[in-house]
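Take a look at the structure below.
The values are calculated or read from the model by the stated rules, or taken from the named source; none is laboratory data. Note that the coordinates shown come from a computational prediction; the quantities given were computed from them, not determined experimentally. Ideal geometry is used to build each Cβ from the backbone, glycine not excepted, and the neighbour counts take in all protein chains shown.
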Amino acid sequence: MLNPIMAFSATRRMRSFKTMLIVIAYVAALLLLALAFLGSFIPDAVYLNTMTRGPMCYLALLIAQFTLIILIAPAMTSASIAGERERQTLDLLLVTNTGSFRIAIGKVMESFAVLALLIVCGLPVMSLCLLTGGVSLVQILIGELFLLAEAFACVSIGVFCSSVARSTVLSGVLSYLVIILVGVITALPFLFGYPQKITDVVYDRSLYAALTPGEARIMISPLLYMNPGFGLLSLVQGELHVLTSYTEYMGWGRILCTWRMADRAGWVFIALASAVGMLVIAAILIGLASLMIRKGHKTKSNG
């Protein structure tokens, strides 16, 4: 049965002229970025740098959409629960047969549907990378699925913050802070490296050559598997292998050790684990949001 909260909110949002403007602006921004990288679609001659335009364009579009989703999601979900409190309609929803969990999941799915629409509308622009080669349709679809997982996680964070905050402004600010905090905390192992034991394995060629993917996966900090940024880098590296030479050239000490350990563990595995980690975080936050909605209602009723 269709969630009534999702059905009502989605209908109201999709009838809004603002939603259409957001979709147009989103696709236009991606199209301008794609044109900047691809240039002429049918050049007079094919050069070596022309063959690299497709992968570079795909990388730029993927990073651009990743960033836009992070910026759009909190603004889109700030009024999901907090707005109901400000309009004094949340109590009316809770006294119906719609439980707090259905309210939370309905608000998440309603906002996620809009972000999914943006990602799907950006698929034709992503497909322009196929004109110059170097990128396959399967790789583009995998990138789109990763963006969908990220969008669901960001929306869940926004709804959770909206269930905690008492105003839409506070909810929006709190959502951005939580997203930044999650990104920073889960990236700490990548920024500060590993203990001496890990570096000894990486810098010892015989030990590193004997290291199995399973052993490397265990050595990688579990926090990194939940970092969406590291998952995005892993996805790009696993599909295009465009970052290895740059990382080795820079030689950022223990960060380079992290990179080589991830290379042994398998980039596709890390990207998949990151997507699963984001979905797990999203599920936990949805459950917490439903508890906060129920708790707030009980507190007001007792008062």
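Points to keep in mind about this one:
- The set of residues in region 145-178 that are closer than 11 Å to I81 by Cα and not hydrophobic (A, V, I, L, M, F, W, C) comprises G158, S162, S163, R166, S167, T168, S171.
- Number of residues in region 73-85 that are part of a helix (DSSP H, G or I), buried (at least 21 other Cβ atoms within 10 Å of the Cβ) and in contact (Cβ under 8 Å) with a residue 12 or more places away in the chain equals 6.
Residue-wise test of (1) surrounded by fewer than 20 Cβ atoms within 10 Å (Cβ to Cβ); (2) of a type in the set (F, W, Y); (3) under 15 Å from the mean Cα position of the chain (by Cα).
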position	(1), (2), (3)
I119	no, no, yes
L123	yes, no, no
L137	yes, no, no
F146	no, yes, yes
I157	no, no, yes
L174	no, no, no
I185	yes, no, no
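- Residue tally, condition part of a loop (DSSP other than H, G, I, E, B) and surrounded by fewer than 22 Cβ atoms within 10 Å (Cβ to Cβ), over region 227-241: 1
- Any hit, region 178-193, residues being at pLDDT below 75, among the small types (G, A, S) and out of contact with any strand residue (DSSP E or B) (no Cβ under 6 Å at 6 or more places or on another chain): yes
- Only one of the numbered conditions (1) at pLDDT below 80; (2) of a type outside the set (K, R); (3) not in a helix (DSSP H, G or I) is violated by N49, and that is (3).
- Residue in region 11-33 that is small (G, A, S), buried (at least 20 other Cβ atoms within 10 Å of the Cβ) and either part of a helix (DSSP H, G or I) or at pLDDT below 80 (or both) present: no
- Taking region 108-195 as the region of interest, the helices (runs of 4 or more DSSP H) fully inside it that hold 2 or more residues being under 19 Å from L59 (Cα atoms) are 123-127, 137-164.
- Residue check for T67: among the β-branched types (V, I, T) and either surrounded by 20 or more Cβ atoms within 10 Å (Cβ to Cβ) or modelled with pLDDT of 85 or more (or both): yes
- Restricted to region 86-104, and to residues there that are part of a helix (DSSP H, G or I) and small (G, A, S), the residue that is farthest from S171 (Cα to Cα) is S100.
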